[in-house]
Amino acid sequence: MSGKLLIKNGFVFDPVNGVDGEIMDVAVENGRIVEDVRGTDVRVIDATGMVVMPGGVDVHSHIAGSKVNSGRALRPEDHYRDYEIRRPGLRSGVGYTVPSTFVTGYRYARMGYTTVIEPATPMLKQRHTIEELNDIPIIDKASFPLMGDCWFVMEYLEKNMLKECAAYAAWLLKALKGYALKIVNPGGLESWGWGRNVRGLDDNIPGFNLTPREILRGLCKVNQMLNIPHPIHVHANRLGQPGNYQTLIETMDCVRDLYNGTKPVIYLTHCQFNSYLGESWIELSSGAPEVADYVNKHPHVVIDIGQVIFSSATTMTADGPFQFQLHLLTDYKWVNADVECETSAGVVPFKYKKRSYVHAIQWITGLELALLIKDPWRVFLTTDHPNAGPFTEYPRVVGWLISRKAREATMKKVNARALKRTMLDSIDREYNLYEIAIVTRAGTAGILGLKSKGHLGVGADADMAIYDFNPRNIDLSRDYKLVRRALRRAAYTIKTGDIVCVNGEIVKSTEGAILWVNPSVSQDLENAVVSDIRRRFRDNYTVEFENYLIDESLLINSRPLKIKGGV
Amino acid sequence: MEVFKNVLCPFCGCCCDDLEVEVDSNKIINVKNACALGRGKFLSIGEHRLLKPLVKVDGELVETDLEKAVEKTVEMIKNSSYPVFYGFGCASCEAIKLCLEMADLSGGLADNISVVCHGPTILGLQDMGIPSATLGQIRHRADLIVYWGCNPVEAHPRHTIRYGPLSSGRFVTGRKSRRMVVIDVRKTPTATMADVFMQVKPNSDFEILTALRALVNDLDLEVEEVDGVPVAKLEELADMMINAKFGALFFGLGLTMSYGKEHNIEAAIALVRDLNKKTKFVMIPMRGHFNVTGANEVFTWQTGYPFCVDFSMGYPRYNPGETSAVDVIARGECDLLFIIGADPCSHLPHYIVERLKNVKLVVLDPSITPTVKMADVAIPVAYVGIEASGTAYRMDGVPLQLRKVVDPPPGILSDVDVLNRIVRRLK
Amino acid sequence: MKIYQITPAYDFKLPIVADIAKPELFEEKQLSEVLNVEVYEGNRRKRFGELFKVKEAGEAEETTLEFIGDFSKVRRIGRRMSRGIIRVKGTAGIAFGEAMKGGRIIIEGLAGPWLGAKMRGGSIEVYGDAEGFLGGAYRGENIGMRGGSIVVHGKAGWNVGYKMKNGLIVVESDIGGFPGVHMSGGTVYVKGGCGRGAGAFMKNGRIIILGYIPSILASFSFEEIRASIRVEAERLKGRFYTFVGDLSEKGSGRLFVNADSNRHLSFYEQLIEEL
Ligand code: SF4
Ligand SMILES: [Zn+2]
C-alpha cells in the first residue's frame, strides 16, 4: 500500500469536490490521494475513456453477524448453483443472496465498492459480527448495534436520564466497537418477546413505561449530545404493512424539532418497505409521492430506498414480528432469534415476481422514492441486501435510475394493474453520473461522517473505482446496458492504494479495516454509568459483564474514530 | 496465588462463563462456580497427557519433534487425493478457521462432530427454519419449559439453574412461577424435577410430536392413543403449551438420534412454529460439547454450509449423506483423516473404526486417546479454554471468549499455532 | 446410433464425479475427445480415459452407454440427460440420473441414494435395490422429482419420493421410513411394506402401500374404504383404507393402505358408521 499510483486521463466524478466528469489525473501514495506522485516506481493506470469515481460506500447491507449466518445456514439451496472456485491467494465460497464472507468481499470489490456497513448487530452477539467482518476481505466495514429496544436504554429513557443514557450509548459503542445507533421497530422488538408488536408511535411497550416515540426522541437527543457522525439509523414501525407510509412520516416528524439547521438528525432506512398506501394488500399502492414530498420539505431527514430486484431474496431483519407475519403470509421457512434484553431477529426466504401485484408495487415504490426526492444527498441506493435483492444487482438499480428506457423495459413485464395505480410511468427524471456518484458513494460517505471516504480530494483514502465506459461517447439513457455491464465488473478497483481488482477479477486480497467510533464522555459520568450497568448486568444477561466486551485485539484491522464533543 | 474470574467452562454447550479459577505456580488448585463436570475437566488436564509429537514408524508410534511431525503432516496432506478434516467439538473457532483453510487449500472434506449429534437439527432447520432465542430470553420470560429427549441434570448440570426452570428472570421469577415438563423414554434425574413427566416408547417421538401438533392446530384425532400415550394426556400437554405466555422447548440426542432423526426435529419445529400463532414459543438444541455450535457458525460463514463441506472440486459442495465425514469414512473413500478436537475411535461405531485402519491418520489432541494410539502422526496441543484462549459459541449462538489460565506443558503449542505452521506450508 | 461399453480402468476407492457422462456427450464429441474430458477423482483432475475404458460395441436405435462393473464410487452419471439409454450392468453410485429430463436408465444391479433426484422426465428401472431419497430433493430445496417414472424391482431406503411434485415411483419390495415425506404431488406406489412416518408433511399426491405399515400419523384423517385405485394404466383391486393428510400442513394428499396386510388398522372401520 506504500505503492505510488497515477490514474491518468479518466473522466473523474467527485461530487464532494464538485468535479463532474472532467478529465483529470488522480495520484496516490501510501494509501492516500496526493497532489502528485513522481519517480520511476509510479504505476500508471491509463484511464483514458473510462470513468473514475471514489470507491463505493454502501450504507446499509446485511453482510455479517448471527442473522446473516442463520440465513446462510437456512438456505443451502441458495448456494448450490452459485459458487466461486478457489484461486491462488483467494478462498473459495458460495454466493447468491447470502454469500459466504470471502465471496462478499470479492463481489463488492468487483463492483468497485470499498466500504460497506452491516446495519444491525445484536450487542450480545457482537463478537460474532466482528469475527465475520474480520473474514470479509478487501473492503472496510462497520456495524451498528441494535440499541432501540435495549433494556438499559429503555430504563434510562423511562426515567428521563438522558445524560446517563448518552454515557451508556457512548460506552457501548466503544466497548463493542460499534459505529452508530440503530433502532429497529422501536418498542416492537421488546413486545415480540411476548409474541406481540406495537401498532404505532404512541403504543405503550409492555413491561415498560415508554413509547416508541420516546425511544426515538431519546436516542436522537443522545446521538446529538454525543456528536456521533451518523444520525440515528431507523427502521420504522409497521414495516411491510399496507398504509404504513403515515407511520413513516410520523416517525420522521417526531424528531423534526430537534434539527438545528446543520446536519440531518434521522436516517430512515429501506423506506420502500415503509411507504405503502392503502388499507389492505389488495388496495396496496405506493405512498412514495407523499414520503418524497415530506423529505423534500424537511432537511432533517435522510433515507435510503431498499430497492426491490425481481429475483430471489432472503429477508432478514431484527424486526421479529414482521418476519413472523411474512412467514405466515408466504408459508416459507422461518428463523426467529430473540436476543435477551436487546432485540429480536427473523429470517424468511423470499422471491419477488414481476407479475405479482404487490411485488410490482414494491418495485415501483422504491424507484419513485429515488426519482421524486430531489436532493440526491438525501436519498441513497440500497437494496437492503439481501432483503429486497442481493447487492450484486446494484448495477441494475443504477440502470433504472439513469434510464427511462431501462424502466420502460421492466415496466413492460411487471403487473399492469400496479403500474396503472401508480405514477412511475409519468416520471421522466433520469439521474446523471454525478448524481449516481452521490447516491452510491459521496452522499453515503457524507452521512456516515467518513471524511476520508467518498471523495478524491487530497488526503482521502485511496479507495477508487474505475469503470470502462466513456460517458461522452454514449447516451446513458439509451446505452444503459453498457453502463450496467461496466458497473458489474470494475476495470480497476483500488483499495487503500492497492489494485485489488482488474477487469472484474480479484487480483489481490487485502485486509479491510473495521471502523468504529469512540465518543467522549466525562470520566465521572462514565464511571458512574459503567458501575451502574455492571451492578445490574447479571440481573439482565446470562453472560458476565467482562465477557460482553470486545477487546480491540479481536479486530484484525481496527480503525477507531475519536469523536469530539460529548457529555 | 492468582484468581481468574469470568472464566468460560470449556466442557458442555452451556458455556457457563462465571467460573473462578485459582492458580498457583501454573497449577490449577481450585475451580469455583463450576459443576462437577466442568471442575473435573479443569482439575484433570494433567492426566494422560500427550507430551511429545508421535509418528508411526514400522507400525510403532515413536516420539519426534514438532518440526518433523508438521513436515510429515504437510507431506501427507499434499499427497492425499481426498483428505477429510474432522472434529471441532472441542476446538476454538480460530482453529476451525485454519482447518477450513487447510481443507480449501488441499481440496479436502471438512466436517464437524455435529454430524453425529445435532446434524439432524441442522437438516430440520434447512427445511423448516427454527423459532429460537438466546437462553436469557427464557430465563426472563418462560413460564413453561419442556425438555424433550435430554437430561440436563446429568449432561448439562447448570442448565436448569442458569437458564432453565430454576433460574430467576425479570418477568418470571424462579421455579414456582414456571411449569416444567420432561418427555423421555426413561425416568431420568431431570424427569424427577418435572411437574409433568411423559414417558414415551423409544422411537415414537415423531408420532407423538405429530399428534401434539395436530392438537395445537385444533384437529380432532381419530385414535385414542398414540404409541401408548393416551390422547387425553396429549391434549393436556397441548393445552399447557397453548396457555403458556412464553414456552421453551429444549431438545437433545433423544430426539435427534432416534427413529426419524431430522424428521423428528422438523416435527418439533413445526409444532413450535404453529404454537407461535397462539402464543410465544421458542426452542433451543441442547448442544453437547462447548463449541460445536461455533463449528457450525464458522463453517457457515466461510463456506455457506454448517457441516459436511467438500472442497474436492475447488469450491464448497454440500450433501449430507454424500459429503458427510462419517459416511465417507464408512464407505472407505478417504485416504487421510485429520482429526482435531474429537476422538472418533471411541465414539464412532466399530465397523467404521475398522475402516480407519486403511486410512492415514493425523491427530491433534492434548491427551492420549484411543484415536491417538491409532494415529500415523499425533501432535500434542494445549487445552483450549484452559491453556489457550479463543472463541466459542454457546448452544444458543452467543459467542464468548475462552480464556487461558495456565501455560501448557513445556514445548506444547496451542492448536492454532500448530495449524498455522501447517497452513503456512500448504500455501 | 452407437453402443459404447464403459468399464472402470481399475478398482475405484475415491469418489468420482462423472456428471458429464451421458449419451449427449458421446453424440456431440468424438470418442477421442470424450476420453480427454476432465473428471474429478477425489481432488485430482483426471481424464475420462484414465478412469474408464470405453469401447464401441455395435449399433442401436438410440445412443446407448453400457456401464459394466462396479460404479458405486462414481457419482451423478447421466445428470440432466435428455435422450438415449444408459444401462448399468453392475452397481450404480450416488445421484445416478440426477435431474434427468428424458431417455432411459436401466440398472441391472444395485443403485445408490438420490437415484433420479429432481428428475423431470424419462424413465429409470432398477432390477436390484435402491437406497434413500429415491427421486428426492437436496437439502433445503422445495421440490424433488417433477416428472418421469422410477421402477425399483427390489427394495428401497428411507425418504422415497422426498419432496416429490409429480411423476411415478414404484417399488416392488419393502422400503424404509417416511415415504412421500413433504411430497406435493405425484404417486409413490409400494408393493411391499414401509417404515413409520408415511406421508409426513405431505401437501398433495398419493402414496399407496400394499404391504405392512406400522401406523398412520395422527395428522391424517380416515376417509373411506376403496375397492380400486388407478396407477397409470393399471387398476389395483382390493380393500384400501384411504386417509387424507397431512392436515397440519393443510394437505389433501391421499394415503392408500391395503386393508388385508394391515389388520391392526381395522379399528378405523368403526369410523365408517360415524362418517
Ligand atoms: S454446566 Fe457445562 S459449562 Fe456449565 S460448568 Fe457444568 S460442564 Fe461447565
Ligand atoms: Zn436492513
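With a simple spin-label model that places each label point 7 Å from the Cα along the Cα-to-Cβ direction, the separation between A:ASP293 and A:ASP331 comes to 4.0 nm.
Spacing of the modelled spin labels on C:GLN270 and C:ALA227, each 7 Å from Cα toward Cβ, amounts to 2.7 nm.
For region A:505-567, the normalised intensity computed at q = 0.16 Å⁻¹ comes to -0.77 (log10 of I(q)/I(0), Debye sum over alpha carbons, equal scatterers, no solvent). Using the Cβ-Cβ distance between B:LYS245 and A:ARG256 with R0 set to 35 Å, the FRET efficiency works out to roughly 0.35.
With a Förster radius of 45 Å applied to the beta-carbon distance between C:GLU27 and A:ILE85, the computed FRET efficiency rounds to 0.95. Accessible-area loss of 40 Å² or more (1.4 Å probe, protein heavy atoms, chain alone versus all protein chains) is found in region B:201-216 for B:PHE206, B:GLU207, B:THR210, B:ARG213.
The trypsin sites (Lys or Arg not before Pro) of region A:39-87 that DSSP puts in a loop, and whose beta carbon has at most 16 other beta carbons within 10 Å, are A:ARG81. Find the sum over both chains of the accessible area lost when B and A are paired, probe 1.4 Å, and report it in Å² to the nearest 100. When B and A are taken together, about 5100 Å² of accessible area is lost. In the P(r) worked out for chain C, what percent of Cα pairs fall beyond 23 Å? So the pairs more than 23 Å apart make up 53 percent of the total in chain C. When you work out D = kT/(6 pi eta Rh) for region A:62-109 at 20 °C and 1.002 mPa s, using the Kirkwood radius from C-alpha pairs as Rh and the Stokes-Einstein form, the result is 197 µm²/s. Averaging 1/r across all pairs of distinct Cα atoms in region A:416-564 and inverting the result yields a Kirkwood radius of 20.3 Å.
In the context of the full protein assembly, C:GLU131 retains an accessible surface of approximately 100 Å², using a probe radius of 1.4 Å and ignoring ligands and nucleic acids.
For the B and C pair, go ahead and give the buried accessible area with a 1.4 Å probe, both sides summed, in Å² to 100.
Chains B and C together bury approximately 3600 Å².
Taking all protein chains in place and a 1.4 Å probe, what share, in percent, of the accessible surface of region B:2-43 do carbon and sulfur account for? C and S fraction of accessible area: 49 percent.
Every Cα-Cα pair in chain B was counted, and those over 29 Å apart are 48% of them. Measuring with a 1.4 angstrom probe and ignoring ligands and nucleic acids, C:ARG79 comes out at about 70 Å² accessible. The order of A:LEU162, A:LEU515 by accessible area, most exposed first and with a 1.4 Å probe, is A:LEU162, A:LEU515. Comparing Cα centroids, region C:122-136 and region C:151-174 end up 7 angstrom apart. Fully extending the segment from A:MET161 to A:ASP524, taken as 0.36 nm per residue of separation minus the present Cα-Cα distance, adds 129.1 nm.
Each pair of Cα atoms in region C:44-146 enters the Kirkwood radius, and Stokes-Einstein at 37 °C and 0.692 mPa s then converts it into a translational diffusion coefficient of 237 µm²/s. Each part gets one Cα centre, and for region A:462-477 versus region B:38-96 those centres are 54 Å apart. Orientation-averaged projection of region B:374-427 equals 5.6 nm² [convex hull of Cα atoms, one quarter of hull surface area]. Evaluated with a Cβ-only charge set (Lys, Arg +1; Asp, Glu -1), chain B carries a dipole of roughly 1120 debye about its Cα centre, given to the nearest 20.
Simple spin-label estimate for B:LEU426 and A:VAL502 gives 2.9 nm between the two label positions (7 Å along the Cα-to-Cβ direction from each Cα).
Within the assembled protein chains, the solvent-accessible surface assigned to A:LYS163 is about 110 Å², based on a 1.4 Å probe.
Bridging of C:LYS165 to lysines at a Cα separation below 19 Å is possible for A:LYS333, C:LYS101, C:LYS118, C:LYS203, C:LYS250, once same-chain residues fewer than 8 apart are set aside.
Would you work out what percent of the accessible area of region B:119-285, with all protein chains in place, is carbon or sulfur (probe 1.4 Å)? That fraction is 50 percent. Our Cα-only numbers for region B:119-285 put the radius of gyration and Dmax at 14.5, 42 Å.
Each principal axis of the Cα cloud of the protein assembly as shown was taken in turn, and the coordinate range along them, longest first, works out to 85, 76, 75 Å.
Sorted largest first, the spans of the alpha carbon positions of region B:1-155 along the three principal axes are 61, 52, 24 Å. Taking all Cα-Cα distances within region B:314-427, those exceeding 16 Å account for 68%.
Taking the convex hull of the Cα atoms, report for region A:283-407 its projected area averaged over all directions, in nm².
Directional mean of the projected Cα hull area for region A:283-407 stands at 9.0 nm².
Protein-only accessible surface at a 1.4 angstrom probe places the residues A:LYS413, A:LYS451 in the order A:LYS451, A:LYS413, largest first.
Name the residues of region A:318-360 whose accessible area falls by at least 20 Å² when all protein chains are present instead of the chain alone, probe 1.4 Å? Those residues are A:PHE324, A:HIS327, A:LEU328, A:ASP331, A:LYS333, A:TRP334, A:VAL335, A:ASN336, A:ASP338, A:GLU340.
Average accessible surface for the protein assembly as shown: 33 Å² per residue, computed with a 1.4 Å probe over protein heavy atoms with every protein chain in place. Only helices enter the 222 nm calculation for chain B: every DSSP H run of n ≥ 4 contributes -39,500 (n - 2.57), and dividing by all residues gives -10000 deg cm²/dmol, rounded to 500.
Counting only DSSP H runs of at least 4 residues, each contributing -39500 (n - 2.57), and dividing by the residue count of chain A, the helix-based mean residue ellipticity at 222 nm comes to -9500 deg cm²/dmol.
Among B:PRO370, B:PRO120, B:PRO408, the residue with the largest mean-square fluctuation in a Gaussian network model of chain B, with springs joining Cα atoms closer than 10 Å, is B:PRO370. Estimated from the Cβ-Cβ distance and a Förster radius of 41 angstrom, the FRET efficiency linking A:ARG536 and B:ASN30 is about 0.90.
Size of region B:2-43 from its Cα atoms: along the principal axes, largest to smallest, the extents are 30, 18, 13 Å. The dipole here belongs to region B:309-387: it is taken about the Cα centre, uses +1 on the Cβ of Lys and Arg and -1 on the Cβ of Asp and Glu, and is about 120 debye. With the charge dipole of region A:278-414 set up from +1 on Lys and Arg Cβ and -1 on Asp and Glu Cβ about the Cα centre, the Cα lying farthest toward the positive end among the listed residues A:VAL291, A:LEU371, A:ASN387 is that of A:LEU371.
The values are calculated or read from the model by the stated rules, or taken from the named source; none is laboratory data. Predicted model, so just to flag it, every value in this text is computed and none were measured. A quick note on method: Cβ atoms are made from the backbone with ideal geometry, for glycine too, and the neighbour counts reach across all protein chains shown. Ligands, DNA and RNA are stripped out before the accessible areas are found, and what is left, the full protein with its side chains, is counted by its heavy atoms. Shrake-Rupley method; radii C 1.70, N 1.55, O 1.52, S 1.80 Å.
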